[in-house]
Structures are given as C-alpha cells and as structure tokens.
1. Helix-only mean residue ellipticity at 222 nm, the chain, DSSP H runs n ≥ 4 weighted -39,500 (n - 2.57), per residue, nearest 500. What is it?
2. So what does HIS92 come to for accessible area, using a 1.4 Å probe and Å² rounded to 10?
3. Sorting VAL91, VAL208, VAL70 by accessible area (1.4 Å probe), largest first, what list results?
4. For the chain, with a Gaussian network of springs between Cα atoms less than 10 Å apart, report the residue from LEU166, LEU68, LEU214 with the top mean-square fluctuation.
5. Note down the relative contact order for the chain as a percent, whole number, built from C-alpha pairs under 8 angstrom at least six residues apart.
6. Give me the compactness ratio for segment 170-209, meaning the Cα radius of gyration over 2.2 N^0.38 Å.
7. Return the loop-located trypsin sites (Lys or Arg not before Pro) in segment 43-126 (DSSP other than H, G, I, E, B) with at most 14 other Cβ atoms within 10 Å of their own Cβ; answer none if there are none.
8. As a test question: what accessible area, to the nearest 10 Å², does LYS153 have when a 1.4 Å probe is rolled over all protein chains in place?
Amino acid sequence: QSIFSKELISKFEGIGKFANEQLSFNNSYGNTIIPFTTKSIHNDDLEIYKEGFYYGISAKFEHILANLDVYRNDKLEAINEAFKTDNIVFVHGASGQGKSTLAYRYINDFTPNSTSYELKISQDINEVYQTINSLDALSRGLDFPILLYIDIKPQDIYWNEILKELYGRKNLRFLITIRQEDWNKTTLGFDFKFTDIDLSFDKSEAKVIYDSLLKFKEDLKFIDFEE
C-alpha cells in the first residue's frame, strides 16, 4: 500500500522512542526504581529486625512485614483521603517521628505491592532523567495507578525534577516523606498541586508507642509513662 513520507517518519520516531524508553526502564529497574515485590522477611531474621527497629535504626519495609510498627490509623486514613484529590502527598515531620514507617505501612496495607515502587534519587541529573523516561513508559496504557515512594534525603537535589516532569500523569501517584527542616526550606506550589500532612506528635500517640516499646524492652529507665 502507498504511504506518505510524513507517516513513515512518524512511525520510525515512535519505534525509536519506544526503544529508548525500554532501554531506560531496563537500566533503572532494580537500581533507582525498586519494586516492593522484591522485599521479604524470613522467620530466622525476625529477632534481628525486631531488635534493630526498637533501638531506633532507620525503618525498612521488612519491619512492616514483621509487624513491628505501631499502627497509626488516623494518619493512614489521612494519606488515603489525600490521594482521592491529589496525586502527590507529602508527609513531613521531625527526624525520628516515623515518617518512613508510616509510608511503608500505607504501601503495605492500602496498595498492591505489585504496583508500588520505591525511587532512589540519583545525584546524576542524566540518571534522573533516565528514571523519568522509565516512569513515563511504565505509566502508559495502564488503567490502574502506580504508587511511587520517595524518602527525600538532605543530599537529594533533583527529586522535584521528577515531580515536575511527571505531574499530570493520571496513573502515577507519589508518596513523599521529608524532614521538617528540609520541608521548611522547600518552595512548592508553582509547578504541581499536592497535599501535605504534618506528622505532629501528641501525648496519646506517645503513650501507644511507649506501651509498644515496653513489651519489647522491659528495663526502661522510667518508672511509668507519666514520669
């Protein structure tokens, strides 16, 4: 059949774009785009995870799989409600308030692990844009949302590039945790719409956490919670 040169060029460009996106995805998958389906825990490791978690090491998804966290239903519902109106949700609070733990618990309980990924932000802008291309390709043609989790570290400077480039993709949701001091320095609102949740810490929540810790570590230095 006859074909116009314009159509032929368009087809070639489409093939080239697809090949480039496929290469980007293969390079990023498991490196900067980490599926939660790869996370698991064995009974032999449970005590090690438990001891580390209650002594305050950084939270991991495996801690949630082992049910070591304190369930914070009101905060989980707040995140879930926020995603009904916005595709980008920030959780901010002081270091040690359980931002990552809360995010991991939400991912485990509210989203299928097969459609949830953790993003590691590279310090190389070229790798960042490779990740963007990968996520753009991943989201195309899907009728269900993909959840992407980013835990922003102080040295991460390109995370907002990902949000700006991918904002508006209906099938991409971003759950982002950030330290309060970094949140206070961030200027947002011009490039994308979002909801933010302040991870405040009150006495009633502290009591729940104290009681949970007491079950694991009985030699606490305090006589009781009030003291």
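The values are calculated or read from the model by the stated rules, or taken from the named source; none is laboratory data. These numbers come from a predicted model, not from an experiment. Note: ideal-geometry Cβ built from the backbone for every residue, glycine included; neighbour counts use all protein chains shown. The area values use the complete protein model at the heavy-atom level, side chains included, leaving out ligands, DNA and RNA. Shrake-Rupley method; radii C 1.70, N 1.55, O 1.52, S 1.80 Å.
1. -14000 deg cm²/dmol
2. 10 Å²
3. Largest accessible area first, the list is VAL208, VAL70, VAL91.
4. Its mean-square fluctuation being the largest, the pick is LEU214.
5. 26 percent
6. That works out to 1.57 for segment 170-209.
7. In loop regions of segment 43-126 (DSSP not H, G, I, E or B), the sparsely surrounded trypsin sites (Lys or Arg not before Pro) are LYS84.
8. Probe radius 1.4 Å; accessible area of LYS153 about 80 Å².
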